[in-house]
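Written out below as structure tokens is the structure these notes cover.
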Amino acid sequence: MGLIVQKFGGTSVANLDRIRHVAKRVTKTYDQGNDVVVILSAMSGTTDNLIQMAHEISDAPDKREMDVLLSTGEQTTVALLAMTLISMNYPAKSLLGFQAEVLTSSKSGSARIVNIGAGRIKNLLKERNIVVIAGFQGYDSEGNITTLGRGGSDTSAVAIASALNADKCEIYTDVDGIYTTDPNICKKAKKLEKISYDEMLEMASLGAKVLQIRSVEFAKKYNVPVHVRSSFNEEEGTMVVNEDSDMERLVVSGITYNNNEARITLSKVPDQPGIASKIFSPIAKAGIMVDMIIQNTRAGGLTDLTFTVPKTDFKQALEIETKVAEEIGAENVLGDENIVKVSVIGVGMKNHSGVASKMFNVLAEENINIMMISTSEIRISCVIEEKYAELAVRVLHTAFGLDKESTTHR
Ligand code: ASP
Ligand code: MG
């Protein structure tokens, strides 16, 4: 018996049948004697539809009203679930963000949770209510409705679990958990029993789309263990938890790829103080995020500089650098959108040498050229030609002992 927070994503509440199914899950937990707080997303597709409608009115719809509009998706699902529970003779109450006292910053569309006054939720729980809370929304100090950014109901769930000091935070979604790599491109991908917050953060920023990144940051900061699992079966999912010594036995726990970046090279740049600043300041001013940077020195006081930017900003970045190249007397600017960043991730790397060289060897054996390399304490990334993405993921997955059936712990 305890206090359990259960969050259900859009596909889990996509229609009334699914909502009934959610109600069964929730009441099962409740009947075991637990206090249950449920956080919901909007029905899948709803938020997208609302955004589209707003953009039919204006290219830049008023931000305050956008929050009012988008919060209705979750308002609908919490009411429907609470009604369903009540019709099954369970005491249930829905709460919108402001009623659950989810106080946020004022940044429309990407507000941050500042504080959760859990008083009202606790009172409702004392009376043995099932409390159903709208995810993704809150209110600011001026009483405006705010939203937390796409996928934000994950963060609502973790924050509310933390504020209530819940025993469990379960995120029910349409996948079974976190996999060693994308099962769509690698049949041998397997579900991880657990993964550390830091690994999850690396995985998320590199393309695993299961949890909103901010929810993982939040879980890490407040040490909330998160159980990611499917709402369509009873199987255990993946625990996202603090790093433990057990995890270090497995050197690599996941392989990811990200093809949302493009590469820009300025060649034959005069190698002088202030050059990097001249190249990157205008990019920063335009609000473009640079990921990897490489500088090679040539003979004759010249250098080549290569970096990556999100594909969505590629054209703009290329235009900016074409101007910069003229100003600083660089020979030319080259762009390449057909790249992919493949990464191996694992906390076990901290205590093992040779992971990088193994990765390079494996890619070399397949004749895959590495264009750029970057590392963190628990990640090694290589930029390669996009057409090799799937092959690279598969061979690395095998080489690092992650294939299903093989139980390689080293
Ligand atoms: N409904 C919001 C979205 O689609 C929030 C969420 O589902 O987490 O992004
Ligand atoms: Mg989601």
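Where a number appears in this text, it was derived from the coordinates with a stated rule and is not lab data. Note that the structure is a prediction, hence the values are computed from the model and not measured. Positions of Cβ are backbone-derived with ideal geometry, glycine not excepted, and every protein chain shown enters the neighbour counts.
In region 168-265, which trypsin sites (Lys or Arg not before Pro) fall in coil by DSSP and have 15 or fewer other Cβ atoms within 10 Å?
Counting only loop positions with at most 15 other Cβ atoms within 10 Å, the trypsin sites (Lys or Arg not before Pro) in region 168-265 are K187, K188, K209.
Could you compute the FRET efficiency for R150 and R128, with r as their C-beta to C-beta distance and R0 at 30 Å, rounded to 0.05?
0.30
In whole Hz, what ³J(HN,Hα) sequence does region 150-161 give by Karplus (6.51, -1.76, 1.60; θ = phi - 60°), x for Gly and Pro?
Residue by residue, region 150-161 yields 3, x, x, 5, 4, 5, 4, 4, 5, 5, 5, 4 Hz.
Highest first, please rank the peptides 312-324, 357-369 by the mean number of other Cβ atoms sitting within 10 Å of their residues.
Sorting 312-324, 357-369 by mean packing, highest first, produces 312-324, 357-369.
Going through region 219-270, which GluC sites (Glu not before Pro) have at most 10 other Cβ atoms within 10 Å and a DSSP loop state?
Answer by residue number: E234, E235.
I want to check the label-to-label distance for K350 and K24. Put each point 7 Å from Cα in the C-beta direction and report it in nm to one decimal.
4.3
Mind checking which lysines have their C-alpha under 17 Å from K188, skipping anything on the same chain fewer than 8 residues away?
In chain and number order, the partners are K404.
With +1 on the Cβ of every Lys and Arg and -1 on the Cβ of every Asp and Glu, and nothing else charged, how large is the dipole of region 313-387 about its Cα centre, in debye rounded to the nearest 20?
Roughly 540 debye, rounded to the nearest 20.
At 222 nm, what value in deg cm²/dmol follows for the chain if DSSP H runs of at least 4 each add -39500 (n - 2.57) and the sum is divided by all its residues, to the nearest 500?
After summing the helix terms and dividing by residue count, I get -11000 deg cm²/dmol.
Apply the Karplus parameterisation 6.51 cos²θ - 1.76 cosθ + 1.60, with θ equal to phi minus 60°, to every residue of region 125-133 and state each ³J(HN,Hα) to the nearest whole Hz, in sequence, with x for glycine and proline.
5, 4, 7, 6, 7, 8, 9, 10, 10
Residue farthest toward the positive end of the dipole of region 177-248, with Cβ of Lys/Arg at +1 and Asp/Glu at -1: which of I195, P183, T238?
It is P183.
Can you check what the Kirkwood hydrodynamic radius comes to for the chain, Cα pairs only, in Å to one decimal?
It works out to 23.3 Å.
If amide hydrogens are placed 1.01 Å from N in the peptide plane, which non-local residues have theirs closer than 5 Å to the one on K168?
Counting only residues 5 or more places away or on other chains, the set is L3, V5.
Taking the chain as the reference, fit the longest principal axis to its C-alpha atoms, fit the long axis of helix 389-399 to the helix C-alpha atoms, and give the angle between the two in degrees, 0 to 90, nearest 10.
So the helix axis and the longest Cα principal axis differ by about 80 degrees.
Given K28/K220; K28/K122; K221/K350; K220/K350, which pairs have Cα atoms separated by over 25 Å?
K28/K220
Could you tell me the distance between the Cα centroids of region 22-46 and region 323-347, to the nearest Å?
About 47 Å separates the Cα centre of region 22-46 from the one of region 323-347.
Between D244 and R120, what's the calculated FRET efficiency when r is the beta-carbon distance and R0 is 22 Å? Round to 0.05.
0.05
Long-range amide H contacts for I133: which residues qualify at under 5 Å (H placed 1.01 Å from N, peptide plane, sequence gap of 5 or more or a different chain)?
V38, I39, L40, L95
Got a sec to turn the phi values of region 81-96 into Karplus ³J(HN,Hα) couplings, 6.51 cos²θ - 1.76 cosθ + 1.60 with θ = phi - 60°, whole Hz, x for Gly and Pro?
These are the phi-based 3J(HN,Hα) values: 5, 4, 4, 4, 5, 5, 5, 8, 6, 9, x, 9, 9, 8, 9, 7 Hz.
Could you let me know the centre-to-centre spacing of region 50-129 and region 230-248, using Cα atoms, in angstrom?
28
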